[in-house]
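Peer 1: After the structure tokens below, expect a handful of questions from me.
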Amino acid sequence: MAKDKITEDMTIREVIDKYPETAMVFSKYNVGCIGCLAASFEKVKDIAGVHGIDLKALVKDLNKAVPTK
């Protein structure tokens with residue numbers, strides 16, 4: 001099984017910068033803070049907790065959005 005490219009410990013900014021295609025996933029989960037200052041230091045797991053999102057589902061969907069090479 002391939003290792004996930006996106007982990008719960010990555011910051012939102014790090015995810016968006018590396019994988020811009022994930023913006024649509026954050027939007028799907030109503031996470032609108034991808035462009036705010038907090039995105040630079042809040043981790044995927046932090047934002048899931050704040051927004052009441054299932055962390056495993058979010059990380060899974062984020063990784064699905066990243067093209068495999």
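None of the figures in this text is laboratory data; all of them are computed from the coordinates on show. Just so you know, these numbers come straight off a predicted model, no measurement behind them. Cβ coordinates were reconstructed from backbone atoms using ideal geometry, including for glycine residues, and neighbour counts include every protein chain displayed.
Peer 1: Can you tell me which residues in region 40-65 are of a type in the set (G, A, S) and in a helix (DSSP H, G or I)? Please lay out each step first, then the result.
Peer 2: First, pick out the residues of region 40-65 that are of a type in the set (G, A, S): 40, 48-49, 52, 57, 65.
S40, A48, G49, A57, A65, listed by residue number.
Peer 1: Here is a follow-up. Pick out the one residue from T68, T7 that is out of contact with any Gly (no Cβ under 7 Å at 6 or more places or on another chain), touching a residue at least 60 places away in the same chain (Cβ under 8 Å), hydroxyl-bearing (S, T, Y) and part of a loop (DSSP other than H, G, I, E, B). I'd like the intermediate steps shown before the answer.
Peer 2: Values: T7 fails: touching a residue at least 60 places away in the same chain (Cβ under 8 Å).
Sole residue among the options that is out of contact with any Gly (no Cβ under 7 Å at 6 or more places or on another chain), touching a residue at least 60 places away in the same chain (Cβ under 8 Å), hydroxyl-bearing (S, T, Y) and part of a loop (DSSP other than H, G, I, E, B): T68.
Peer 1: Continuing with this model, one more query. Just need a number here: residues in region 13-39 that are under 18 Å from K60 (Cβ atoms), in contact with an Asp or Glu (Cβ under 9 Å, 6 or more places away or on another chain) and in a helix (DSSP H, G or I).
Peer 2: 3
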